[in-house]
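Q: Before anything else, here's the structure in question.
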Amino acid sequence: MIPVSEALDKLFALVRPLEVEEVPLLQAAGRVLARPVTANRDQPPFSASAMDGYAVAEAAPGMTFRVIGEAAAGSAFPGHVGPGDAVRIFTGAPVPNGAKTVVIQEDVDRTGDQITITDRLGAGTNIRPHGGDFKVGETIPAPRRLGPQDIALLAAMNVAHVPVTRRPRVALVSTGDELVMPGETPGPDQIIVSNTFGLHALLTDLGAEPRLLPIARDSESALRTVLGLVDDADLVITIGGASVGDHDLVATVAESMGLDRAFHKVAMRPGKPLMSGRLGEAMMLGLPGNPVSAMVCGHIFMAPVIRAMLGLGAAPAARETIKLAADIGANGPREHYMRARLGAGGAKVFDRQDSSLLSVLGASDALVVRPPHDPARSQGDEVEIVRL
Ligand SMILES: Nc1nc2c(c(=O)[nH]1)N[C@H]1C(S)=C(S)[C@@H](COP(=O)(O)OP(=O)(O)OC[C@H]3O[C@@H](n4cnc5c(N)ncnc54)[C@H](O)[C@@H]3O)O[C@H]1N2
Ligand code: MOO
């Protein structure tokens, strides 16, 4: 058995970077920007009014002006604003030549084409300077996962096609005679595939492209057939059949198909029978079948691998330090990822930690990470957590 940190290093060494593709802006949300993108225009491209009102050269309470024209968003006033002139202006309109300030209409009395500034004059010019948001040559740095705000900025920069890292294609293979799909009617000794769907959701969240392959029954030939369907996947994830039982065939079959194994078994709880290697053109990750073990391995190993494939760097799941809300006992020889709920008093570790309990995992929002042989800890002690 190797420690979690060593397993992660071996996984990162197996990752091959993915190509860059250009996608239309509307498809870029959630994708990873692969190259810095540069603005090829200034925003705003002219000094613009921030308010509806009157553009003048100089403003003070009591001053009067003659309105000589109008500037609206999309149609500038072509002339010059001299002393005594005012141009009716609307938010977003180019500020006309000669105007130095915009007086908001609430601070003006108007009669015909004559305006008088009242004594309520507010502070500031109400003018957004040319290039005040961004200028030609300013960049959005890469790599970064593009959120809605980035998409708005890219649009303003007039970037219609965005260079992003291709989504990793991930094949999910469930193994076991006992498994049926959600919605089916299970036999008396069958259960429903669960963690495969949880991993599918996690992969979608991470920006990967997951595919469910048919469930592989517990025979070498069935598993070989399903593994033969992985096609062009970048990552093949098997679930179950990773341990030492007579029906745990994943290592045997994958090796017979050419798996170049990097490791099998990690000193962690849950997740001990994890295995990985390269299988043809794909990277393979063999997860334990116990539902919580598979999901914990999803967060601790699969998610960092997907981020590395996307070019976001080779880093373990982010940890934070937080206080314990109640005492916990000593840990054994494996790094333990304990299901816990965060609250005002800190992290409360659940009493029941069996790796089959999806209801406990569902009630958890963090994993408290206990180093091997960590002694008993008391309420108020600081521990490391990984948020779920
Ligand atoms: N003698 C030993 N027995 C076990 C050991 C060991 O070291 N010595 N390790 C235990 C640990 S730890 C784990 S974790 C499990 C992992 O076993 P497998 O990866 O071989 O998983 P299975 O035996 O196929 O399944 C375990 C459990 O999970 C259920 N399962 C499997 N796939 C799914 C799925 N996609 N969705 C929902 N549930 C699934 C399966 O029905 C079993 O109940 O081995 C221990 N045993
Ligand atoms: O490692 Mo197993 O994953 O403890 O249940």
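The values are calculated or read from the model by the stated rules, or taken from the named source; none is laboratory data. Since we're looking at a predicted model, the values are computed, not measured. Please note: Cβ atoms are built from the backbone with ideal geometry, for glycine as well, and neighbour counts cover all protein chains shown.
Q: Out of Gly92, Gly137, Gly112, Gly147, report the one residue that is exposed (fewer than 13 other Cβ atoms within 10 Å of the Cβ) and without any contact (Cβ under 8 Å) to a residue 60 or more places away in the chain.
A: Gly112
Q: Hey, can you tell me all the residues within the stretch 263-276 that are surrounded by fewer than 22 Cβ atoms within 10 Å (Cβ to Cβ) and either within 12 Å of ligand 2 (Cβ to nearest atom) or under 28 Å from the mean Cα position of the chain (by Cα) (or both)?
A: Those that are surrounded by fewer than 22 Cβ atoms within 10 Å (Cβ to Cβ) and either within 12 Å of ligand 2 (Cβ to nearest atom) or under 28 Å from the mean Cα position of the chain (by Cα) (or both): Lys265, Ala267, Arg269, Lys272.
Q: Return the residue satisfying two criteria in turn: it lies in the stretch 175-211 and is more than 20 Å from Leu361 (Cα to Cα) and not in a loop (DSSP other than H, G, I, E, B), and of such residues it is nearest to ligand 2 (Cβ to nearest atom).
A: Step by step, filter the stretch 175-211, then rank; the result is Thr175.
Q: Residues to consider are Gly82, Gly124; find the one that is part of a loop (DSSP other than H, G, I, E, B) and either hydroxyl-bearing (Ser, Thr, Tyr) or modelled with pLDDT of 95 or more (or both).
A: Testing whether each residue is part of a loop (DSSP other than H, G, I, E, B) and either hydroxyl-bearing (Ser, Thr, Tyr) or modelled with pLDDT of 95 or more (or both) leaves just Gly82.
Q: Out of all the residues in the stretch 34-54, is one or more part of a strand (DSSP E or B) and either of a type in the set (Asp, Glu) or surrounded by fewer than 17 Cβ atoms within 10 Å (Cβ to Cβ) (or both)?
A: Checking the stretch 34-54: at least one residue is part of a strand (DSSP E or B) and either of a type in the set (Asp, Glu) or surrounded by fewer than 17 Cβ atoms within 10 Å (Cβ to Cβ) (or both).
Q: Considering the stretch 156-207 alone, what residues qualify as being closer than 22 Å to Gly245 by Cα, surrounded by fewer than 22 Cβ atoms within 10 Å (Cβ to Cβ) and within 24 Å of the chain's Cα centre (by Cα)?
A: Ser194
Q: Sticking with this structure for a sec: Please verify whether the stretch 79-88 includes one or more residues that are over 49 Å from the mean Cα position of the chain (by Cα) and of a type in the set (Lys, Arg).
A: The answer is no, given that none of the residues of the stretch 79-88 is over 49 Å from the mean Cα position of the chain (by Cα) and of a type in the set (Lys, Arg).
Q: May I ask you to list the residues in the stretch 1-30 that are touching a Ser or Thr at 6+ places or on another chain (Cβ under 8 Å), part of a helix (DSSP H, G or I) and among the β-branched types (Val, Ile, Thr)?
A: Within the stretch 1-30, no residue meets the criteria.
Q: Residue under question is Ser378, and the condition is that it be over 23 Å from the mean Cα position of the chain (by Cα), at pLDDT 95 or above, small (Gly, Ala, Ser) and more than 16 Å from ligand 1 (Cβ to nearest atom); does it hold?
A: yes
Q: What are the residues in the stretch 332-351 that are within 13 Å of ligand 2 (Cβ to nearest atom) and of a type outside the set (Phe, Trp, Tyr), if any?
A: Correct list: Gly332, Pro333, Arg334, Glu335, His336, Met338, Arg339.
Q: Considering only the stretch 352-375, state which residues are surrounded by 19 or more Cβ atoms within 10 Å (Cβ to Cβ), within 13 Å of ligand 2 (Cβ to nearest atom) and of a type in the set (Ser, Thr, Tyr).
A: Hit for the stretch 352-375 is Ser355, nothing else.
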